[in-house]
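The values are calculated or read from the model by the stated rules, or taken from the named source; none is laboratory data. For clarity, every value in this text was computed on a predicted model and none was experimentally measured. Backbone-built Cβ (ideal geometry, glycine too); neighbour counts: all protein chains shown.
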Amino acid sequence: MIVSAVKSHFGAKWHQNPFVSISQPTRILIVAYLIYWRVLPTLANLDMQNLTYAGYTGAICILNLCTEFLILLPFLIRSFLGTPIGWLHPLILPTMVGIALGLIRNPADLFTPILVWFNVTPTINHTLLNGWSDAAVLATQLKVNFINLLAIIATYIGFSMALSSRNILTDRQMHINGFKLGVLFVLCLFVVIFFLQKQGGIISHVLTLADGRFRMREMSGHFLVINGFLPYMIILWYAYQPKAFRNPIFLIGFMVAFALQFIVTGSRSALFITLAMTLAVWIFHNHRIPASRTIIVAMVSFLLLGVLGQIRQSGQSGVINFNALAELSITDAWEITTQELIARRTGTDLAVAALVPEQRDFLYGTTYVAALAFWVPRAVWHDKPRGAGAHAAALLYSERETMDDYRGGGFPVGGASEAYWNFGYLGVLIVFGLFGIVLSVISRWVCRDPRNPFTVVALLIVNFGLTTPSTTAIVPTLQTFLLLYLLRLLALR
């Protein structure tokens, strides 16, 4: 199916910085951006607030500055705690992706450092904080900032705790059996096709996505896991063979795996992450950033965000409307996407800081139990706890007393806020300390064994799937790592 013998061509570059070095001029530009667009607006807020709240705003600005400095720290040095710094480093790539997405979503942010000096910063407005005094709202924002600062400090502490004395570069060459990899890919593809047939076909399945995806995940989660692993199998092939895109079989497999991410789950992020990971492997092989291709991928992903959402929601009328895709207008797509992004800003982190533990008790690890029990189907464990997003929607926004019989959707909760909601400030230290250890272990594995395509895929899983240790990220990450380990056992020669 896939070529029976695939030869790796890492060539002489394998001994270089596996994270792809950042040139000094580029490093200076990034640092200038972070200072000018993120630090200066924070300083401007010191002059923009009423003197009545100067204490709160000053403290908020100080915490923001400390957080921004710690984010900036890896960009200022060439190695961080024994690992070389580069574009693909776990402390670099997620930050860069976040910056790029922020600018694409709202180009007006380019003028923020200028406009912020002429506009009075308004007091935070939040649905759950109506009736609160300005001082109480600012105190809540200060709490959020402290939690975020504590999280990044704990991450760096955890990263330093995983220091290894075994930093010798291995000369091992990994050999993957292309035929076995192809057979496994086809078998997984048949499983996904069987699932779609069971749903009544592609159109019938997409219609079910309009009413929410939790019910489908509850009953058919194992099929979704297999579908989500298809792109990683393709990425593994590309990581092993840099010239894979010249192979028509690879191209067909890539397009099928790419399209199924939206067809099966309705998830647009899974679609775009596949493109981003492919681009990251290209960077790994070529040791440079393709600026034009990166911009094109980012723009197309942004424009399709709203359009694909319309297609998914059109199922509420009983008919899937593909006209939004066929009649794609850049202006309309931009407007649709912008409106949806505004609607997504529910301020869940602020809600957690405001209501926990005074009005809502700590969860004491409930959401993490749900994450660690990912291997138990919900059809078997009917009362298996839900993630933090569902808890926020039910307990904070819907004001339910318990999670009993709640089957609705959820609001995204940041990893730091989820850790605080479970165990308070100590939970933030522990969870993000463990997160830092994971990042360190993966980073050092890549440094020791850069010619191993499985390390490349593991790095991508962490960079794109585990950007924060929230349960919504932990569950798919554990599932993917488990399948990757099984694939390693079956596909190696």
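Residues VAL462, VAL441, VAL428: which one is buried (at least 20 other Cβ atoms within 10 Å of the Cβ), among the aliphatic types (A, V, I, L, M), more than 18 Å from the chain's Cα centre (by Cα) and assigned to a helix (DSSP H, G or I)? Give the steps one after another, and end with the answer.
On the way: VAL462 fails: more than 18 Å from the chain's Cα centre (by Cα); VAL441 fails: buried (at least 20 other Cβ atoms within 10 Å of the Cβ).
Sole residue among the options that is buried (at least 20 other Cβ atoms within 10 Å of the Cβ), among the aliphatic types (A, V, I, L, M), more than 18 Å from the chain's Cα centre (by Cα) and assigned to a helix (DSSP H, G or I): VAL428.
Among the residues that make up the range 224-239, is at least one of them among the β-branched types (Val, Ile, Thr), crowded, with 21+ Cβ neighbours inside 10 Å and at pLDDT 85 or above? Give the steps one after another, and end with the answer.
Pass one, the range 224-239, residues among the β-branched types (Val, Ile, Thr): 225-226, 234-235.
Filter once more, so that each one left must be crowded, with 21+ Cβ neighbours inside 10 Å: 234-235.
Adding the requirement that they be at pLDDT 85 or above leaves 234-235.
Yes, there is a match, as at least one residue in the range 224-239 is among the β-branched types (Val, Ile, Thr), crowded, with 21+ Cβ neighbours inside 10 Å and at pLDDT 85 or above.
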So which residues in the range 65-81 are in a helix (DSSP H, G or I) and aromatic (Phe, Trp, Tyr), if there are any at all?
PHE69, PHE75
Kindly establish whether TYR368 is within 19 Å of the chain's Cα centre (by Cα) and modelled with pLDDT of 85 or more.
yes
What do you reckon, is VAL457 within 30 Å of GLN173 (Cα to Cα), modelled with pLDDT of 90 or more and either surrounded by 20 or more Cβ atoms within 10 Å (Cβ to Cβ) or touching a strand residue (DSSP E or B) at 6+ places or on another chain (Cβ under 9 Å) (or both)?
yes
Do the conditions hold for PHE272, that is, is it at pLDDT below 90, farther than 23 Å from VAL191 by Cβ, aromatic (Phe, Trp, Tyr) and assigned by TED's automatic domain parsing to the domain that holds GLN197?
yes
I need the full set of residues from the range 160-187 which are modelled with pLDDT of 70 or more, within 25 Å of CYS447 (Cβ to Cβ) and surrounded by 12 or more Cβ atoms within 10 Å (Cβ to Cβ), in order please.
SER160, MET161, ALA162, MET174, HIS175, ILE176
So GLY266 ticks every box in (1) in contact with a Lys or Arg (Cβ under 7 Å, 6 or more places away or on another chain); (2) modelled with pLDDT of 90 or more but one. Which box is left unticked?
(2)
Does ARG451 satisfy being outside any helix (DSSP H, G or I) and modelled with pLDDT under 95?
yes
Scan the range 19-35 and give yes if some residue there is modelled with pLDDT of 80 or more and either among the acidic types (Asp, Glu) or touching a Pro at 6+ places or on another chain (Cβ under 9 Å) (or both), otherwise no.
yes
Single match in PRO412, PRO385 (criterion: surrounded by fewer than 23 Cβ atoms within 10 Å (Cβ to Cβ), closer than 28 Å to MET96 by Cα, in contact with a helix residue (DSSP H, G or I) (Cβ under 9 Å, 6 or more places away or on another chain) and not assigned by TED's automatic domain parsing to the domain that holds HIS287):
PRO412
Test LEU341 against the criterion of being at pLDDT below 80, touching a Ser or Thr at 6+ places or on another chain (Cβ under 7 Å) and not assigned by TED's automatic domain parsing to the domain that holds LYS143, and give yes or no.
no
Quick one: is ALA416 under 26 Å from GLU358 (Cα atoms) and at pLDDT 90 or above?
yes
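So which residues in the range 117-159 are small (Gly, Ala, Ser) and modelled with pLDDT of 80 or more?
Passing the criteria: SER133, ALA135, ALA136, ALA139, ALA151, ALA154, GLY158.
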